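The values are calculated or read from the model by the stated rules, or taken from the named source; none is laboratory data. Predicted model only: the values in this text are computed from it and were never measured. Counting neighbours? That spans all protein chains shown, and the Cβs are built from the backbone with ideal geometry, glycine included.
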Amino acid sequence: MQRHPGSLLKELDLDKKELLALLELAGELKRATAEGTEKPQLTGRNLALIFEKASTRTLCAFEVAAYDQGAHITYLGPSGSHIGVAESIADTARVLGRMFDGIEFRGFDQAAAEQLADYAGVPVWNGLTTQWHPTQMLADILTMTEHSSGPLEDVSYCFLGDGRNNVARSLLITGAILGMDVRIGAPRELWPPQDVIDTAHTLAAESGARVLITDDPAKAVAGSDFLYTDVWVSMGESDADWAVRVPLLLPFRVTTDLMAASGRTGTKFMHCLPALHDTDTELGRRLHDQFGLDGAEVSNDVFESEASIVFDQAENRLHTIKAVLVNALGQGR
């Protein structure tokens, strides 16, 4: 069965023109929402939202986007279906594809999202897997355009932290597709997989992007318009990993000093959230007790500063996901 062209499973599914078209549509939908002129284009559509992993922004963005556009949603949580336990992904896809107009999947294995798309016959959207996070990228790039005055190709951004995780991989590939200046600052043990780095360099040769992978935090951030980080231990990883990651990643912690090392007064801070920036959470208190850290990947003064645009990013998850849905299923498209 052929995949539906409206599916979005990873950034590599899109070329530069398609990425920019989704961002333009997201901007139009965001303005329409703000002006009260939004017109539902998904009336009568039914969407299945499959969540193997916990979620705040992705779940809420898909739900609100669907409701705003007139669609109905069915939520299937980790224990709410037979998926992957008593029924294969392929069989689940063939059932859901006959009942729903589109399927969102947020889970662990990228292969599961790919298989859903192979068998469903309707659009499948990756809300996050261990390997890729394409809907986050759309929100991130939209946010960068809102906080930049020049062409997208002139924008430079740097991810700091675990360069192997889904956000780092996706940022690297997205910037390479769009011709941007993208850096990954991480210890060598935590660099993105070599095949991802090779793909980024191949894409950069075509788009004119500048790609840098370095274990030198100061070199990574120099000249960056945006510094971006993520949690040091991702969902599904062991708590024991903190003892390994903290010593490795402390030099890449986003602090006021590292922000200043960009050499630009207007450098902004980005994070896909949730962030460990204080001791107001159970995990934050545990890290403080174990490592003496007040927060982890970012200091609280940076997170709460005027340079922080993390909540703009969070809001833009809604508008960009709405664009993905409308692009795939909107009336007249």
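Summary table
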| quantity | calculated |
| --- | --- |
| Flag for L128 being touching a residue at least 12 places away in the same chain (Cβ under 8 Å), in contact with a helix residue (DSSP H, G or I) (Cβ under 7 Å, 6 or more places away or on another chain) and on the phi > 0 side of the Ramachandran plot | yes |
| Cross-chain or 6+ apart pairs with Cβ under 9 Å, the range 136-155 first and within 14 Å of V310 (Cβ to Cβ) and assigned to a loop (DSSP other than H, G, I, E, B), then basic (K, R) and at pLDDT 95 or above | H147/K268 |
| Sole residue being buried (at least 23 other Cβ atoms within 10 Å of the Cβ), more than 12 Å from the chain's Cα centre (by Cα) and modelled with pLDDT of 95 or more, chosen from R188, R183, R169, R164 | R183 |
| Residue satisfying all of: in the range 284-304; in a helix (DSSP H, G or I) and touching a residue at least 12 places away in the same chain (Cβ under 8 Å); farthest from D257 (Cα to Cα) among these | Q290 |
| Qualifying residue in the range 70-91 (condition: of a type in the set (S, T, N, Q), in a strand (DSSP E or B) and either at pLDDT 95 or above or closer than 30 Å to A168 by Cα (or both)) | yes |
| In the range 314-333, residue nearest to M270 (Cα to Cα) [restricted to those that are basic (K, R) and either modelled with pLDDT of 95 or more or touching a strand residue (DSSP E or B) at 6+ places or on another chain (Cβ under 6 Å) (or both)] | R317 |
| Condition broken by E104, with the remaining ones in (1) assigned by TED's automatic domain parsing to the domain that holds A323; (2) crowded, with 24+ Cβ neighbours inside 10 Å; (3) in a helix (DSSP H, G or I) satisfied | (3) |
| Residues located in the range 1-29, provided they are of a type outside the set (A, V, I, L, M), over 19 Å from the mean Cα position of the chain (by Cα) and part of a loop (DSSP other than H, G, I, E, B) | Q2, R3, H4, P5 |
| Considering residues of the range 308-333 that are of a type in the set (G, A, S) and in contact with a Phe, Trp or Tyr (Cβ under 9 Å, 6 or more places away or on another chain) only, the residue nearest to I141 (Cα to Cα) | S308 |
| Qualifying position, being farther than 30 Å from D101 by Cα, modelled with pLDDT under 95 and β-branched (V, I, T), among T265, T229 | T265 |
| Meets criteria (out of contact with any Leu (no Cβ under 6 Å at 6 or more places or on another chain), modelled with pLDDT of 95 or more, assigned to a helix (DSSP H, G or I) and closer than 21 Å to L12 by Cα) for L203 | yes |
| Count of the range 217-232 residues which are in contact with a helix residue (DSSP H, G or I) (Cβ under 9 Å, 6 or more places away or on another chain) and either free of Cβ contacts under 8 Å to residues at least 40 places away in the same chain or surrounded by fewer than 17 Cβ atoms within 10 Å (Cβ to Cβ) (or both) | 1 |
| Test: residue in the range 168-185 that is assigned to a loop (DSSP other than H, G, I, E, B) and within 30 Å of Q290 (Cβ to Cβ) | no |
| Set Q69, Q2: member being exposed (fewer than 14 other Cβ atoms within 10 Å of the Cβ) and touching an Asp or Glu at 6+ places or on another chain (Cβ under 9 Å) | Q2 |
| Residue list for the range 125-146, restricted to those being among the small types (G, A, S) and either more than 21 Å from A48 (Cβ to Cβ) or not assigned by TED's automatic domain parsing to the domain that holds A48 (or both) | A139 |
| Residue check for A205: buried (at least 24 other Cβ atoms within 10 Å of the Cβ), over 16 Å from the mean Cα position of the chain (by Cα) and not charged (D, E, K, R) | no |
| Sole exception among (1) within 30 Å of D109 (Cβ to Cβ); (2) in contact with a Phe, Trp or Tyr (Cβ under 9 Å, 6 or more places away or on another chain); (3) assigned to a loop (DSSP other than H, G, I, E, B) for V231, by number | (2) |
